[in-house]
Every structure is written in structure tokens, then in C-alpha cells.
1. Find the residue count for segment 171-186, including only residues that are touching a residue at least 40 places away in the same chain (Cβ under 8 Å) and open to solvent by 50 Å² or more (accessible area, probe 1.4 Å).
2. Applying the selection to segment 22-38, what residues are surrounded by 14 or more Cβ atoms within 10 Å (Cβ to Cβ), assigned to a loop (DSSP other than H, G, I, E, B) and modelled with pLDDT of 95 or more?
3. Looking only at segment 22-76, count how many residues are more than 21 Å from S180 (Cα to Cα), of a type in the set (V, I, T) and within 18 Å of the chain's Cα centre (by Cα).
4. I'd like to know if segment 156-170 contains one or more residues that are buried (at least 22 other Cβ atoms within 10 Å of the Cβ), on the phi > 0 side of the Ramachandran plot, at pLDDT 95 or above and not in a loop (DSSP other than H, G, I, E, B).
5. Kindly provide the set of residues from segment 231-249 that are surrounded by fewer than 23 Cβ atoms within 10 Å (Cβ to Cβ) and at pLDDT 90 or above, ordered by number.
6. Only one of L41, L13 is touching a helix residue (DSSP H, G or I) at 6+ places or on another chain (Cβ under 8 Å), among the aliphatic types (A, V, I, L, M), open to solvent by less than 50 Å² (accessible area, probe 1.4 Å) and at pLDDT 95 or above. Can you tell me which?
7. Scanning for something hydroxyl-bearing (S, T, Y) and either in contact (Cβ under 8 Å) with a residue 60 or more places away in the chain or in contact with a helix residue (DSSP H, G or I) (Cβ under 7 Å, 6 or more places away or on another chain) (or both), does segment 189-203 turn up at least one residue?
8. Output the residues belonging to segment 130-182 that are of a type in the set (F, W, Y) and over 19 Å from A65 (Cβ atoms).
Amino acid sequence: MNIRKRFLAMPFLTFIILTIFSTNASASELTPEEIEHLTTLGFSEDIAPSVTKEEYVEYYQDLTAADESQKVTNYYNFVSNKYLPEGTMEVTKYSEAEAFREMNKLEQFAVGINNSTWLAMTLSSTKLTNGRVLLKNEFMWKKGPQVFFKDAFAITHSANVVRYDNTINFRYIFRDIHGSDRYYTGSNEKNNNGVATLFDIKGEPGYSHTGYLSVEANRSSSSDIRSNIFGHYTHMTIGFTGSVTITTGDISLGLAAKESKADDASITHEW
């Protein structure tokens, strides 16, 4: 490609990059004070404004953080290309700094080389003044996804964690090409090891795919010192499953599904 063609291509490439990463922010139903309150409960600044007023009043308004949230954020690159079997995606975990270096490489956007998508997942635990802890996992597709089946999103934990299942809240938010947020729930499944939800990824043009899962919990005994908390995201690429197998530190979608798992995020919560 000669120099003139390179310069002609750059505006188009820049448009693609800006389109992929644009959030085209939708107006929040919450006040700035309510959004700030959610960030004290472990919500990221990107996700907090998307919480609806109804959700805020029902699940979060009466909660007060007793300490700063403990959290961890991982980034995952899902890649499929002609060298991998059909329905198989290679998943690589990155730190935030490493991920942004990789995402900013121009070859990530080259058509026909690979199908590369990026997911960020943040797991948090926040001690509350009511003696409980708010466990929360949130995701944000930074680029993509390109395959649209049912995905699974979960929090699992040690056996010494007792959940208050009436506080489970899951929401998947799809921001369409008009900049409007559409809200979806999923089918929650739970056992003594954790809670997971299956939800349908929207397969249409849009600006962003984000979501969060939260639940209040406590320790089973006052003598317990710490518990392990895990966050999970499984992207299905082929097949269908009606249930999720939940174990401490892992989830699975069954033999009929082709799944690409993001390595779990983990926190050791100190009671």
C-alpha cells in the first residue's frame, strides 16, 4: 500500500475504533449522589449510572459500606481463527495495563486475520454496616462479542458463606445504536456453592454489553476468619444448555455446549 492509500485508510480505521469503544452514554435515572453511593458498594463508574431507580431502591438504597470495597479486575481476550477448531475460542487473561496495550494495536481491528473480542470482569466484596457483605460481579464487553448464544455469569464461594438469596440481583444491559439502554434479566440457578445466571447476548448492532450480579452474604460462623469468593464468565459459542453446574471456583454449561471460559477472578474476603 502506498503512502497516499495509507492516509486515506486512516480516517475509516479511526471511525471503526471510535465506534467500537463508544459508549454513547444514556441518561441515568439516578442522581449523582446515588451513583456515588453505588461506587462505595463496589460498582464501577462505568456500570453504576446504568442501575435503574427501581433496582436502586429495592436492592441498594438502604446499604451502607462499612469499609472500602475489596475488588479485582481482569481482562480477557477471546480469539477464534482458522487455526482453531470450529466453535473453539482461545481465552487469554491480561492485567488492565497489558489489555489496553493489546487493544490499541491496529492489527486487533484488521478484518480477516482473527476474530478478537475483549471482556472486562470486576469482582468485589464490600463489608456493610448491617453486618453482611455485598458480593458483586460485573462485566463489560470492551470489543464484541461476535458470537450470540446464551452466556453464563456467576459468583461462587467457600462453604462457610451463607447467602441471602432474596437479595440476588442480575441485570444485562444492551445499549442499542440509538444510545438507549435495554435491560434484561436471566434465569438464576443456585446451590450451596454459588449463584449463576444464564442470559441471551443480543446479536444486533449496538454500543455496549454490560451486566452485574450481586447478593448479600454472611459467614456461617462467627469464628470464621476468611472466605474465598470467585467470579465467572462463560461465553457459549456452539450448542445449548438448560442448566449450569455450579461448584466452588468453577461453573460448567454441560456436554452439549461449546464454551469458552474466562479464568475466574478471585478474592479472599477477610471477615
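1. 2
2. Hit for segment 22-38 is L30, nothing else.
3. Matching residues across segment 22-76 total 3.
4. no
5. I246, T247, T248, G249
6. L41
7. Scanning segment 189-203, I find no residue that is hydroxyl-bearing (S, T, Y) and either in contact (Cβ under 8 Å) with a residue 60 or more places away in the chain or in contact with a helix residue (DSSP H, G or I) (Cβ under 7 Å, 6 or more places away or on another chain) (or both), so the answer is no.
8. F139, W141, F148, F149, F153, F170, Y172, F174, listed by residue number.
The values are calculated or read from the model by the stated rules, or taken from the named source; none is laboratory data. Source: prediction; values computed, not measured. All Cβ positions, even for glycine, are placed from backbone atoms using ideal geometry, and neighbour counts span all protein chains on display. Quick note on the areas: whole protein, heavy atoms, side chains included, nothing else; ligands and nucleic acids left out. Shrake-Rupley method; radii C 1.70, N 1.55, O 1.52, S 1.80 Å.
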